[in-house]
Amino acid sequence: MPKKYLKEIIASVFIIGLATTFLWAFYSLGYLTIGNFIAIAVVVFIFWAIFTVILKVGAYQQKLKKQYEDALDALRKSPSNNKLRTTALLAGRKYFEALRNGTLSIYDEQRIANDLAAISALPQHNNEVKNNSFSNDITIKLQKLSELKSAGLISEIEFEEKRKKILDQI
C-alpha cells in the first residue's frame with residue numbers, strides 16, 4: 001500500500017471509530033435504539049464518504065491547475081517551442097475537463113487558446129526588448145542634447161563632451 005494513503009486511512013478509521021464510540025455510548029445509556037444506532041452510523045459513514053470524495057476531487061483539480069500553470073510558465077520562457085506549447089495545451093484541456101466533470105466546453109478551448117496566444121504575443125527574447133529600449137534611450141538623449149546645443153544653452157565643447165559620454169554607454 002502506498003504511503004500517501006496511509007495517513008488518510010488512519011484518519012478515516014479514527015473518525016469512524018470516534019463516531020461509533022459516541023453512538024455506542026448513547027446506545028448504552030439508553031438514548032438510542034439499535035435501529036437508530038444503525039441509521040445514524042450509516043448517515044455518518046455516507047457523510048464521511050462524500051466529504052472524502054470532495055476533498056480528493058478538489059486536491060486533484062488543484063494539482064491539474066498547477067500543472068497547467070507550470071506548463072504555461074515553461075512556455076513563457078520559450079514561446080517558440082512547439083513541444084512546450086503542446087504540453088500546455090494538453091495540460092489545459094485536462095485541467096478544464098476535471099473542472100467540468102469530464103466534458104470540455106468551447107469556452108474552455110477558447111480560454112486555453114487565449115492563454116497560448118497571449119504567450120505567443122510576448123517578445124521572443126527579453127534581450128531584444130532591453131536592447132531596443134536601451135538604444136531608444138540613447139537616441140532620445142542625443143536628440144535632447146542636440147536641441148540644447150541648437151537652442152544655444154550649451155557650447156560646442158559641452159555638446160561634444162556629453163555626446164561622447166552618451167556614446168560610451170553603448
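The values are calculated or read from the model by the stated rules, or taken from the named source; none is laboratory data. Bear in mind the structure is a predicted one, so any value in this text is a computation, not a measurement. Please note: Cβ atoms are built from the backbone with ideal geometry, for glycine as well, and neighbour counts cover all protein chains shown.
Filter the stretch 51-87 down to the residues that are small (Gly, Ala, Ser) and more than 12 Å from the chain's Cα centre (by Cα), then identify the one that is nearest to Ile9 (Cα to Cα).
Ala59
Determine, yes or no, whether Gln124 is polar (S, T, N, Q) and modelled with pLDDT under 85.
yes
Select, from Ile170, Ile119, Ile138, the only residue that is more than 19 Å from Gln62 (Cα to Cα), within 19 Å of the chain's Cα centre (by Cα) and either modelled with pLDDT under 90 or not assigned by TED's automatic domain parsing to the domain that holds Lys63 (or both).
On inspection, the qualifying residue turns out to be Ile119.
Among the residues in the stretch 17-32, are any part of a helix (DSSP H, G or I), within 20 Å of the chain's Cα centre (by Cα) and loosely packed, with under 14 Cβ neighbours inside 10 Å?
no
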